Amino acid sequence: QVQLVESGGKLVQAGGSLRLSCAASGRTFSRYTMAWFRQAPGKEREFVANWSGGSTVYADSVKGRFTISRENAKNTVYLQMTSLKPEDTAAYYCAASIGYGSRRSGEYEYWGQGTQVTVSS
């Protein structure tokens with residue numbers, strides 16, 4: 001069982017930066033694929049980035065602006081977001097999967113409660 005708690009979301013201006021954190025419980029954190037998804041009002045949840053087996057994958061919409069990283073010693077995964085745009089406004093969710101990296105939300109067994117990011121123009 002893994003419990004995930006996100007933090008760091010807030011209101012920022014377009015062009016700004018923000019770092020989200022996701023703290024995970026459990027002693028086997030390093031075995032899990034970790035990912036970030038986001039969901040804007042009225043839209044489906046979408047993949048943002050994941051880290052699996054030392055490799056990272058990004059959605060095209062965030063490539064070059066967002067960076068996912070993890071500190072296994074702290075059971076924490078981060079999402080560094082730069083050059084933020086109003087269209088990045090969404091609730092951001094951390095997710096964990098025992099399987100290999102996937103872009104599909106259905107492949108992730110564990111989810112956090114989400115943290116809101118709002119980017120003003």
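When you look at Arg103, is it over 24 Å from Gly15 (Cβ atoms), modelled with pLDDT under 95 and buried (at least 18 other Cβ atoms within 10 Å of the Cβ), yes or no?
So Arg103 does not fit the description; no.
Name the pairs: first residue in region 41-57 and over 21 Å from Thr28 (Cα atoms), second residue open to solvent by less than 80 Å² (accessible area, probe 1.4 Å) and part of a loop (DSSP other than H, G, I, E, B), Cβ to Cβ under 7 Å, at least 6 apart or on different chains?
Glu46/Ala59; Phe47/Ala59; Val48/Ala59; Val48/Val62; Val57/Gly101
Does Phe66 satisfy being at negative phi, in contact with a Ser or Thr (Cβ under 8 Å, 6 or more places away or on another chain) and of a type outside the set (A, V, I, L, M)?
Yes; evaluated as a whole, the condition is true for this residue.
Quick one: in region 67-91, which of the residues that are surrounded by 17 or more Cβ atoms within 10 Å (Cβ to Cβ) and among the charged types (D, E, K, R) is nearest to Val117 (Cα to Cα)?
Ranking the candidates gives Asp88 first.
Which residue, of Gly114, Gly15, Gly64, is free of Cβ contacts under 8 Å to residues at least 24 places away in the same chain and surrounded by fewer than 19 Cβ atoms within 10 Å (Cβ to Cβ)?
Being free of Cβ contacts under 8 Å to residues at least 24 places away in the same chain and surrounded by fewer than 19 Cβ atoms within 10 Å (Cβ to Cβ) holds for just one of Gly114, Gly15, Gly64, which is Gly64.
Within region 33-50, can you find the residues that are closer than 15 Å to Ala73 by Cβ and open to solvent by 10 Å² or more (accessible area, probe 1.4 Å)?
Selection gives nothing.
The values are calculated or read from the model by the stated rules, or taken from the named source; none is laboratory data. All values derive from a computational prediction rather than experimental measurement. Cβ: placed from backbone, ideal geometry, glycine included. Neighbour counts: every protein chain shown. Ligands, DNA and RNA are excluded from the accessible area calculation, which covers all protein heavy atoms including side chains. Shrake-Rupley method; radii C 1.70, N 1.55, O 1.52, S 1.80 Å.
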